[in-house]
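Quick notes on the structure that follows.
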Amino acid sequence: MTSNCLFCKIINKEIPAEFIYENENSLVFKDINPVAPTHLLVIPKKHFSSLKDLDSISSSQIIQCIQELTSKLGITDFRSVFNTGAKAGQSVFHVHAHVIAGRELDWPPG
Ligand code: AMP
């Protein structure tokens, strides 16, 4: 828990969120400002600021959670994005994977 972290507050239920899935290490909730019909955020319960700080176990746990989540929801086509650093669009510094689906997704992203 990092006291000023928005996503740590969501983990601790100090701030509400629409929870979709949870396992031992990770939590999934709806993005408050969705960019597609399905836009979920997958976060580790342990605080890491960004992808750069993740250890290998936590990295694979996030990927595993994405696999469980998409399998459970029957999502076959999706994009997983880790914005890393402010210039790359990261606005919340608790590492998270965006899982975006439900429409055609352009490439390259903006
Ligand atoms: P990023 O900009 O990659 O750091 O992604 C942060 C995401 O968190 C954005 O897509 C926001 O819409 C989302 N977000 C911010 N506050 C909340 C919240 N209280 N509940 C759910 N999602 C949020």
Worksheet item: Which of the residues spanning the range 85-99 are more than 10 Å from the ligand (Cβ to nearest atom) and within 13 Å of the chain's Cα centre (by Cα)?
Response: Val99
Discussion item. Suppose we keep only residues that are more than 18 Å from Ala101 (Cβ to Cβ) and out of contact with any helix residue (DSSP H, G or I) (no Cβ under 8 Å at 6 or more places or on another chain) within the range 25-50. Which one would you say is farthest from the ligand (Cβ to nearest atom)?
Written reply: Ser49
Worksheet item: Pairs, please: C-beta under 7 Å, at least 6 apart or cross-chain, first residue under 15 Å from Phe82 (Cβ atoms) and modelled with pLDDT of 95 or more and in the range 25-39, second among the basic types (Lys, Arg) and more than 11 Å from the ligand (Cβ to nearest atom)?
Response: Ser26/Lys45
Item to complete: Note down all Cβ pairs under 9 Å where the first residue falls in the range 74-94 and is farther than 21 Å from Ile10 by Cα, the second is within 7 Å of the ligand (Cβ to nearest atom), and they're at least six residues apart or on different chains.
Response: Arg79/His98
Response to the item:
Taking the range 52-83 and keeping only residues that are touching a helix residue (DSSP H, G or I) at 6+ places or on another chain (Cβ under 8 Å) and surrounded by 17 or more Cβ atoms within 10 Å (Cβ to Cβ), one is left with Leu54, Phe78, Phe82
Worksheet entry | In the range 1-24, the residues that are within 12 Å of the ligand (Cβ to nearest atom) and among the small types (Gly, Ala, Ser) | Ala17
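The values are calculated or read from the model by the stated rules, or taken from the named source; none is laboratory data. Remember, predicted model here, so these are calculated numbers, not experimental data. In this analysis, Cβ positions are derived from the backbone assuming ideal geometry, glycine residues included, and neighbour counts consider all displayed protein chains.
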